[in-house]
Amino acid sequence: MATNTDALRPDNVLALADHALRGDETTEFSLKSPYEAIALIGHACMVAVDFRLAGLGEEHTICL
């Protein structure tokens, strides 16, 4: 895992995206649309900074 100072460096984000695409290397991967490529880079950025989304449960809502 990268340190905080270089977590979002392009080469680190692309390496994480590549790892997410390859997974366990038993399935073939493909991006079917530009939107999937954007989502992949967004996912890699969140993984790079250890982002975690905590579920609130069904009785809780997020008020804005």
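Readers should treat all values here as calculations from the given coordinates under stated rules, not as data from a laboratory. All values derive from a computational prediction rather than experimental measurement. Ideal geometry is used to build each Cβ from the backbone, glycine not excepted, and the neighbour counts take in all protein chains shown.
Taking the simple approach of a point 7 Å from Cα along Cα-to-Cβ for both R52 and D11, what is their distance in nm?
3.0 nm
Quick one: net charge of L40's neighbours, Cβ under 13 Å, K/R +1, D/E -1?
Numbers: positive: R22, K32; negative: D18, E36.
Neighbourhood net charge equals 0.
Can you report the principal axis dimensions of the stretch 10-49 using only the alpha carbons, biggest first, rounded to whole angstrom?
26, 22, 14 Å, listed from the longest principal axis down.
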